[in-house]
Amino acid sequence: MSEMSFDQMLEESFKTIRNGEVVEGVVIGVKPDEIILNIGYKADGIITRNEYTNEANVDLTTVVALGDTMEAKVLKVNDGEGQVLLTYKRLAAERGSKRLEEAFESQEILTAKVAQVLSGGLSVVVDEARVFIPASLVSDSYEKDLTKYDGQEISFVISEFNPKKRRIIGDRKQLLLAERAEKQRELFARIQVGDIVEGVVKNITDFGAFIDLGGADGLLHISEMSWGRVENPKKVFKVGDNVKVYIKDINDTKIALSMKFDDENPWNNASERYAIGTIVTGVVARMTDFGAFVELAPGVDALLHVSQIAKEHVEKPSDVLQVGQEVEAKIVDFSEQDRKISLSIKALLGEEDTEDEAVYSDEEPFEDAIEE
C-alpha cells in the first residue's frame, strides 16, 4: 500500500463542509466590511457586511473582535477565490423566526428596536427576523406621525405568524390597552368625589378639555375651567399642560372635573365687598335689550338695568355702552342667595327718583342671561 503524500495527509486532516451547513469558527481577521473566520476547513470563511446584518454602514470592527467564536451558515463552499462564503444574518433570521414562532404560541412580550418607520407602520428586528407592526396596532390612539418611534425600543406581542407568506405581525396596542385598563382599575380604587388631583391636558375641544389622570381621562367642561368666563378653552390650555383639578363627579367610568375651587369662589365675602350703596368699577361684559351685564370680578356679574344707565331715557344699552367699556356705578340691590347684584349709574348722578333703583321684575331673565 502506497504512502500518502504530505499534501494528501493535510487534505485529509480538514473537515468537509457543504452548502447550507452551520459551522463554528474563530475570528482571525476583521475589517469594517468583512469578517474572516477559521472554520477548520482548508479555506477560511468570509462574512461580508451585507451577510452580517441588515443595518447599513455598520463598522464590523465595532461588533466583533479577534478571537471571538461565532456560528455562521455556509452559502458557497468556494466563492470563486478559494474562500468559503458565509452568512451570519440568515442563520440569525432563521433562529429569530423560530424565536418568534415560540413567542407567538406563548404570547410572550418581546422588546426590540424600531429599525424602520414605514408609511403603514413600523418594522422591528428580532434576532435579524423582521416583524411588521401596522400603524393601527402601534398605539391605543390614532397617531398620524410615527417618526417619533424611529430607533426607539418598544414592546409588543406577535399577533400573526405566517413565515410562508412573510406575514409576521406585531401588536403593541393590546399591551397599552391592558396596561391602561390596570391603571384605570387602580385609579378608580383610590379616587373619590372631592379629591384634588393632578393631570395632563390630553385633548382640547370647543366645549372643554380632556385631562389624563393616569389611568382614565376626565372632562373639564368649559363652564368649570374658571369662576370667570372662558370664551375658548384653546386660549387657556394647550396639550401637555399640567393642571390641578378636583373631582366633581364620578359616573361609572366617566369623571367630571372642575377648577372652580371653593376657596377661590369670588362670591366668598361678597356681602361685604358688594354691600348696597357701595360704588364699584366694572367692565361691560355683554348686553341685552333690557340691560348690560357688568363684570365686577371674574365670576361676578351685575345687572345694570337700561333704566339705570342715565338720567335721560335710554332705548337700549348698546346706544350708550359698548362691550369692554369700563363703568362706575352704585350697588342698589344685592342677593347673596340668588347671586344677583343690581347696579345704577343714575344713582351717582344725583337722581332723586330712585323708585326703579332697587329690585327689578322677576320676569326679567337675569339668571338666563348670566348663564349665556
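I need a count of the residues in the range 71-89 that are touching a Leu at 6+ places or on another chain (Cβ under 7 Å) and either part of a loop (DSSP other than H, G, I, E, B) or not basic (Lys, Arg) (or both).
The first filter runs over the range 71-89 and keeps only residues touching a Leu at 6+ places or on another chain (Cβ under 7 Å), leaving 71-76, 79, 85-87.
Imposing the further condition that a residue be either part of a loop (DSSP other than H, G, I, E, B) or not basic (Lys, Arg) (or both) reduces the set to 71-72, 74-75, 79, 85-87.
Total satisfying the criteria: 8.
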| So Ser342, is it more than 43 Å from the chain's Cα centre (by Cα), part of a helix (DSSP H, G or I) and of a type in the set (Gly, Ala, Ser) | no
| field | Ala275 vs. criteria at pLDDT below 95, open to solvent by less than 30 Å² (accessible area, probe 1.4 Å) and of a type outside the set (Val, Ile, Thr) | value | no
| task | Could you list all residues from the range 182-201 that are touching a residue at least 24 places away in the same chain (Cβ under 8 Å), under 24 Å from Asp262 (Cα atoms) and open to solvent by 90 Å² or more (accessible area, probe 1.4 Å)? | result | Gln192, Ile196, Glu198
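In the range 278-289, what residues are under 15 Å from Val323 (Cα atoms), in contact with a helix residue (DSSP H, G or I) (Cβ under 9 Å, 6 or more places away or on another chain) and open to solvent by 20 Å² or more (accessible area, probe 1.4 Å)? Please lay out each step first, then the result.
The initial filter retains those residues of the range 278-289 that are under 15 Å from Val323 (Cα atoms), namely 281-289.
From what is left, the residues that are in contact with a helix residue (DSSP H, G or I) (Cβ under 9 Å, 6 or more places away or on another chain) are 284, 286-289.
Hits for the range 278-289 are Arg286, Met287, Thr288, Asp289.
Within the range 179-283, which strands (runs of 3 or more DSSP E) (wholly inside it) include 1 or more residues that are among the β-branched types (Val, Ile, Thr) and closer than 27 Å to Ser141 by Cβ? Before you say what the answer is, go through the steps one by one.
On the way: elements: 196-204, 208-212, 217-221, 242-251, 254-258.
Qualifying strands (runs of 3 or more DSSP E): 196-204, 208-212, 242-251, 254-258.
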| Selection count, the range 99-146, where residues are open to solvent by less than 10 Å² (accessible area, probe 1.4 Å) and part of a helix (DSSP H, G or I) | 2
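Yes/no per residue for (1) surrounded by fewer than 11 Cβ atoms within 10 Å (Cβ to Cβ); (2) at pLDDT below 50:
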{"site": "Gln325", "(1), (2)": "no, no"}
{"site": "Ile331", "(1), (2)": "no, no"}
{"site": "Ala347", "(1), (2)": "no, no"}
{"site": "Glu351", "(1), (2)": "no, yes"}
{"site": "Ala358", "(1), (2)": "no, yes"}
{"site": "Ser361", "(1), (2)": "yes, yes"}
{"site": "Phe366", "(1), (2)": "no, yes"}
| query | For the range 147-162, which residues satisfy the criterion of being part of a helix (DSSP H, G or I) and over 16 Å from Ala112 (Cβ atoms)? | reply | Thr147, Lys148
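Restrict the check to the range 262-269 and report whether at least one residue is among the hydrophobic types (A, V, I, L, M, F, W, C) and at pLDDT 95 or above.
Checking the range 262-269: not a single residue is among the hydrophobic types (A, V, I, L, M, F, W, C) and at pLDDT 95 or above.
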| Looking at Ile222, Ile204, Ile247, which one is of a type in the set (A, V, I, L, M, F, W, C), farther than 30 Å from Arg130 by Cβ and open to solvent by 30 Å² or more (accessible area, probe 1.4 Å)? | Ile222
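The values are calculated or read from the model by the stated rules, or taken from the named source; none is laboratory data. Values in this document were obtained by computation on a predicted structure and should not be read as measured data. Cβ atoms come from the backbone with ideal geometry, glycine included; neighbour counts cover every protein chain shown. Note: areas computed on protein heavy atoms with side chains; ligands, DNA, RNA excluded. Shrake-Rupley method; radii C 1.70, N 1.55, O 1.52, S 1.80 Å.
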